Structure formats: C-alpha cells, structure tokens
Amino acid sequence: MDNRSAAIFYGELLMTTVIDLNIPKMAIAIGMIAIATSFSVWQKLDIAKNLIIATFRSIIQLIVVGFLLDAVFEIKQPVVILFIIFLMSLMAAREAKNRVREKVPYVLPIMWISVIVGTLAILAYTTFLVIQPDTWYSPQYLIPLAGMILGNSMNGAAIAAERFTQDLVKRSREIETHLCLGATPQQAISNYQTDAIRAAMIPTINVMMVAGVVSLPGMMTGQILSGTSPLLAVRYQLVILFAITTANLITALILTTLVTRQFFTPAQQLKLP
C-alpha cells in the first residue's frame, strides 16, 4: 500500500470508527468520579473535597484549553505559540514550587529556569531532528509536545527539589563535617544530589519499563482510539518517552545545581534557609 492509499484508508477508517463522546456520555463518565468520591466518604479517606475540586478544575481548564487551541491552530503565528509555551512553563514552575516544603531562596526562578531549559532543549531536538514538520512552529505538533514534556519535567523538578532540599537540611551536620575535612561543596553534597536526580527519574523509568506490557501510555492510547495506525502510534509514543526521560534528567540536574548555590556562601560555608 503506497502513502496515498494508506492516507485514504486511514482517513476512511477514522471517519467510520471514531465514536463521538457527546454530553450525555460525558455525564455518565463523570459517574466514575462519583463512585470514587463515594468510596472516599465511605472509607473516611478525607479526599472527597479534593476529588470534586480537581474534577471541576480539570473540566473547566481542558474546555478552555480546547477552545484556545482551536483558535491557535487557526492563527499559526510563532510568536503566539511561543508565548503560550512560555505561560505553560510559568504555570509548571509555580506548581512545582508549591510542592517543595523547605524554604529555598529564589525557588520559583530556579524552577522556571530548570523546567524551561530542559523542555526547550529536548523540544527543539524532537521538532527539528525527529518529527521535522513543514513549519517548525506547527501548533499541531509543538504545543502537545511542549505540554507533555513540560508536565513531566514539572513532576521531575518537584520530586528532585523536595528530596534534595530535605536531605540538605536533615544532613547538614554531615555536610559540615565533610567541609571541615576539606571537601568542596560539590563533593559534600554529591550523594544527595545523585539521590535526588534518581528519585526524579524513577516515575519515568517505571513507565518505560512497563510500556506495552502492563500499560498502554496515554498518547498512544489516544491516537489508537482516534483511528491512527497502532504502529504509527507506537513510534510517536516512543519519541515522547525518550523526550520526557531526557528532559527530566536535564531538568533535575540543572535544578539541583542551582539549588546547591542557595545553600552555600561564596566562602563555601553551608547556609540553611
């Protein structure tokens, strides 16, 4: 089957097999949250309120994003698309910052720099070298890719920052002992930095380990449900897995390096926030 025939075949398949999810069906879908909320109340888990708030937030936010993306896809202006990615990165950094319990100076700028650098580096690699769309700023590819990479980088940054800052505070005497024995700040905290980066990478590595065996990743599932060839969906999913894994690692490395600078004076003395 040549490319044109394949395109026609999958286009017809998409038109005939995609099932519309209308409002009544979506109302039934919300019933799953009602079930989860009921179990929460029954077992006194004290998460029913959070479940309800999260449900309404996700509905409103995704509807707004849907209308916004419709408009952006029509505009196709690189400035607008990059501005949206910039706003997404700010929100990701803010959310990651809220998950860090220890007080760290300039934590929001540190989060943002770490997330945006890790995301943009891998987003550029994926766009220019792997996917190679006709226009690099094609919103069909750039925004979904940026969203998936940003979301995972945000989680990685939050995990790394939380683990790293807690270790620096709890192990402060051990670190000071190493400094007194002549170690540099980097040598004194290297084990804690390594542990933090490993912790940030665990969720992504776990997903990669079981992809296709225990679970079908979200993007791949969505593409298959929309009528895309399973093999093409697999290739796109692999690209996404590789992208978020590398972006997570870069983000965690940058973040822990920047956080380290907030815990040491120019005289290489440990200072706790």
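The values are calculated or read from the model by the stated rules, or taken from the named source; none is laboratory data. Remember, predicted model here, so these are calculated numbers, not experimental data. Quick reminder, even Gly has a Cβ in these numbers, built from the backbone with ideal geometry, and neighbours come from all protein chains shown. Surface areas here come from the heavy atoms of the whole protein model, side chains and all, with no ligands, DNA or RNA. Shrake-Rupley method; radii C 1.70, N 1.55, O 1.52, S 1.80 Å.
Put simply, of LYS44, LYS76 the only residue that is closer than 30 Å to PRO133 by Cβ and at pLDDT below 90 is LYS76. Contact annotation: residue pairs with Cβ atoms under 8 Å, 6 or more positions apart or on different chains, pairing a residue in the range 109-137 that is of a type in the set (S, T, N, Q) with a partner that is outside any loop (DSSP other than H, G, I, E, B) and open to solvent by 20 Å² or more (accessible area, probe 1.4 Å), are SER114/ILE254; SER114/LEU258; THR126/VAL239; THR127/TYR141. If the condition is being in contact with a helix residue (DSSP H, G or I) (Cβ under 7 Å, 6 or more places away or on another chain) and open to solvent by 20 Å² or more (accessible area, probe 1.4 Å), then the range 105-115 contributes PRO105, TYR106, VAL107, LEU108, TRP112, ILE113.
Here is a yes/no grid of residues against (1) surrounded by 13 or more Cβ atoms within 10 Å (Cβ to Cβ); (2) closer than 30 Å to LEU168 by Cα; (3) of a type in the set (Ser, Thr, Tyr):
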site: ALA54; (1), (2), (3): no, no, no
site: GLU74; (1), (2), (3): no, no, no
site: ALA93; (1), (2), (3): yes, yes, no
site: ARG101; (1), (2), (3): no, yes, no
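Every residue, every condition in (1) more than 21 Å from the chain's Cα centre (by Cα); (2) over 19 Å from ALA247 (Cβ atoms); (3) of a type in the set (A, V, I, L, M, F, W, C), yes or no:
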| site | (1), (2), (3) |
| --- | --- |
| VAL117 | no, no, yes |
| TYR125 | no, no, no |
| PRO144 | no, no, no |
| ILE149 | no, no, yes |
| ALA161 | no, no, yes |
| ARG171 | yes, yes, no |
| GLU176 | yes, yes, no |
| PRO185 | yes, yes, no |
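Close contacts from the range 31-48, counting a first residue that is part of a loop (DSSP other than H, G, I, E, B) and a second that is of a type in the set (Ser, Thr, Tyr), with Cβ to Cβ under 9 Å and a gap of 6+ residues or different chains, come to ASP46/SER40; ILE47/THR37; ILE47/SER40.
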